[in-house]
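Colleague: Questions regarding the structure given below will be posed in turn.
Any read-out appearing in this document is the output of simple, stated calculations on the displayed coordinates, not a laboratory observation. The structure displayed is predicted, hence computed values, not measured ones. Virtual Cβ from ideal backbone geometry, glycine too; neighbours counted across all protein chains shown.
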Amino acid sequence: MFNLKGRVAVITGASSGLGRGMCKSFAECGADLVLLARRIERLEEVKKELLPYGVKVIPIKCDVTKNEEIDYAARLTEAYFGKVDILVNCAGASKDKGVLEMTDEEWQFTIDTDLSSVFKVTRAFGNIMKKNHYGRIINISSMYGLVGNTEIPTIAYHASKGGVVNFTRAAAAELAKDNITVNCICPGYFYTELTRDVLKTPKFQEFAKVHVPMQRYGNDGEINAGVIFLSSDEASYVTGVILPIDGGYTCV
Ligand SMILES: NC(=O)c1ccc[n+]([C@@H]2O[C@H](COP(=O)([O-])OP(=O)(O)OC[C@H]3O[C@@H](n4cnc5c(N)ncnc54)[C@H](OP(=O)(O)O)[C@@H]3O)[C@@H](O)[C@H]2O)c1
């Protein structure tokens, strides 16, 4: 099961954190990879790390808020591989402020990066999938897309990630006829560049012990099995699913 040999997987946010971590799992399963992010030097590092797996790896500098860069990446991918089988929308960033303090610019930055990007990248690569009548799209939302929170004021992030959740359902319903599945993973707290400043504080570690039933953050690789399953041929009848991988945060 879960043999992705011959499949082409596009990963946004592949230069860091969760996206970078999942590239290794895709390569282990035999998928060829297209890596997207702005820091091309980081993508070149990831490519080197994946050399031992013998899969093809194409790093492309791409800002997922910019249509011209997304369209260029899609054209390049289609020209090189002739198809796209899997898309993981993982790129994300946030300006953290509460609803009464956030500026319009901070709101727009987060909505552009975390929500509009998912639409734009899905449109560009989904059209290639449609031609081939096959696709697996996995959107990385957040447990903050399912609930609010009392600890980190981050209203635009909640709104964006909640948007990704229902974007997933609507896109899944629309694209089912094209044999394209669209699913969503909602990670809990994982230690990455995005979260490390907050997660490393003793105050937050105490908070997590009380509010995460498993009483810990996610470890490296703990979302990968979910991503690989949803990317696989075996998940052919799974679409529109919202899968929290959060140590139980959203079950209480
Ligand atoms: N870590 C957590 O606890 C957690 C929890 C829930 C959800 N998530 C979600 O998981 C995803 C990955 O986050 P992470 O924790 O792994 O953070 P990270 O280590 O900061 O990685 C973020 C990735 O997104 C890319 N990115 C950001 N803005 C971009 C843009 N405009 N264009 C292209 N790429 C962009 C970054 O690449 P460049 O800077 O090189 O462009 C980087 O590869 C995000 O969607 C995040 O919201 C994370």
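Colleague: Positive end of the charge dipole of the chain (Lys, Arg +1 and Asp, Glu -1 on Cβ, about the Cα centre): tell me which of F26, G6, L87 has its Cα farthest that way.
Modeller: G6
Colleague: Springs between alpha-carbon atoms under 10 Å, Gaussian network over the chain: tell me which of G163, G54, G218 tops the mean-square fluctuations.
Modeller: Largest GNM mean-square fluctuation: G54.
Colleague: Label S116 and N219 with points 7 Å out from Cα along Cα→Cβ: what is the distance between them in nm?
Modeller: 4.0 nm
Colleague: Turning to a different aspect of this structure: Summing +1 for each Lys or Arg and -1 for each Asp or Glu, what net charge is found among the other residues whose Cβ lies under 10 Å from the Cβ of S16?
Modeller: Numbers: positive: R20, R39, R42; negative: E193.
Net charge in that neighbourhood comes out at +2.
Colleague: Quote the charge dipole size of the stretch 142-252 about the Cα centre in Debye, to the nearest 20; the model charges only the Cβ of Lys and Arg (+1) and of Asp and Glu (-1).
Modeller: 320 debye
Colleague: Taking the Cα centre of the chain as the origin and placing charges on Cβ (Lys, Arg +1; Asp, Glu -1), which of C184, G126, S16 is farthest toward the positive end of the dipole?
Modeller: G126
Colleague: Farthest toward the dipole's positive end in the stretch 139-199, which of A159, A173, T195, given Cβ charges of +1 (Lys, Arg) and -1 (Asp, Glu) about the Cα centre?
Modeller: Toward the positive end, the furthest listed residue is A173.
Colleague: Please sort 114-121, 210-217 by packing, taking for each peptide the average over its residues of neighbouring beta carbons within 10 angstrom, highest first.
Modeller: 114-121, 210-217
Colleague: Within the set of other residues whose C-beta is less than 14 Å from the C-beta of Y53, count the net charge using Lys and Arg as +1 and Asp and Glu as -1.
Modeller: Working: positive: K5, R7, K24, K47, K48, K56; negative: E28, D32, E49.
Charge balance near Y53 sits at +3.
Colleague: Here's another thing I want to ask about it. Rank these for me by crowding, R169, R136, R20, going from fewest to most other beta carbons within 10 Å.
Modeller: Least to most surrounded, the residues fall as R169, R20, R136.
Colleague: State, to one decimal in nm², a quarter of the convex hull surface area for the C-alpha atoms of the chain, i.e. the direction-averaged projected area.
Modeller: Directional mean of the projected Cα hull area for the chain stands at 13.0 nm².
Colleague: I've got another one for you. Treating only the Cβ of Lys, Arg, Asp and Glu as charged (+1, +1, -1, -1), what charge dipole size does the chain show about its Cα centre? Round to the nearest 20 debye.
Modeller: The dipole of the chain has a size of about 500 debye.
Colleague: Running a GNM on the chain with Cα contacts under 10 Å, which residue among I228, I140, I152 ends up with the highest mean-square fluctuation?
Modeller: Comparing I228, I140, I152 in a Gaussian network model of the chain, the most mobile one is I152.
Colleague: Exceeding 18 Å between C-alpha atoms, which entries from my cross-link table qualify? They are K95/K203; K47/K130; K5/K83; K56/K177.
Modeller: The pairs that break the limit, which is 18 Å between Cα atoms, are K95/K203; K47/K130; K56/K177.
Colleague: Using the Cα centre as the reference, give the magnitude of the dipole from point charges on the C-beta atoms of the stretch 7-67 (Lys, Arg: +1; Asp, Glu: -1; all else neutral), rounded to the nearest 20 debye.
Modeller: It comes to approximately 140 debye.
Colleague: Here is a follow-up. With springs only between Cα atoms under 10 Å, which of N127, N224, N139 fluctuates most in a Gaussian network model of the chain?
Modeller: In this elastic network of the chain, the residue with the biggest mean-square fluctuation among N127, N224, N139 is N127.
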